[in-house]
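**Q** First, the structure itself, so that you have it in front of you.
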Amino acid sequence: MIPLEELLPEFPAVVLSDSAAKAASHGNRVQLDADAQWVRLLDGTGRLLAIAERAGQDLYHPVVVLNSQA
């Protein structure tokens, strides 16, 4: 099996602060210093939380949020 964190390697990975990770895990937009259209959002432990799409300058909206209870 391929770990979730290794999926979609063409999308840059962004490690979120605790507060941003909580917001993203609830589907809320987060402000990031990134240039890509799509990014992988990781928590502080490196666990994949979501795939997010750029919604504006430095603003990303989680489009696919993974189950945080896994």
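The values are calculated or read from the model by the stated rules, or taken from the named source; none is laboratory data. Note that the coordinates shown come from a computational prediction; the quantities given were computed from them, not determined experimentally. Heads up, the Cβs are rebuilt from the backbone with ideal geometry, glycines too, and the neighbour counts pull from every protein chain shown. Surface areas here come from the heavy atoms of the whole protein model, side chains and all, with no ligands, DNA or RNA. Shrake-Rupley method; radii C 1.70, N 1.55, O 1.52, S 1.80 Å.
**Q** With only Lys, Arg, Asp and Glu charged, each at its Cβ (+1 for the first two, -1 for the last two), find how big the charge dipole of the chain is about the Cα centre; round to the nearest 20 debye. Write out the running numbers ahead of the final one.
**A** Working: 5 positive and 9 negative charges, 47 e Å.
Using only the charged Cβ atoms, the result is roughly 220 debye.
**Q** Something else: Determine the calculated [θ] at 222 nm for the chain from helices alone, applying -39500 (n - 2.57) to every DSSP H run no shorter than 4 residues and normalising by the residue count; nearest 500 deg cm²/dmol.
**A** -3000 deg cm²/dmol
**Q** Computing the accessible area with a 1.4 Å probe over protein heavy atoms, can you report the carbon and sulfur percentage for the chain?
**A** Details: 2370 of 4540 Å².
Summing carbon and sulfur atoms, their accessible area is 52 percent of the total for the chain.
**Q** Filter the GluC sites (Glu not before Pro) in the chain down to the DSSP loop ones having no more than 13 other Cβ atoms within 10 Å, then list what survives.
**A** E10
**Q** Over the chain, with the other protein chains present, what is the accessible area per residue in square angstrom, probe 1.4 angstrom? Don't jump to the answer; show the numbers that get you there.
**A** Values: 4540 Å² over 70 residues.
Accessible area per residue: 65 Å².
**Q** I'd like to know which of A52, A23, P12 lies farthest towards the positive end of the charge dipole of the chain, counting +1 on Cβ of Lys and Arg and -1 on Cβ of Asp and Glu.
**A** A23
**Q** Go ahead and collect, in residue order, the members of the range 33-70 whose backbone nitrogen is under 14 Å from a label point 7 Å along the Cα-Cβ direction of S17.
**A** 33, 44
**Q** Starting from the Cα of E10, step 7 Å toward the Cβ, then list every residue of the range 28-43 with an amide N under 13 Å from that point.
**A** Backbone N within reach: 37-39.
**Q** When the convex hull of the C-alpha atoms of the chain is computed, what volume per residue in Å³ does it have?
**A** Dividing the Cα hull volume of the chain by its residues yields 78 Å³.
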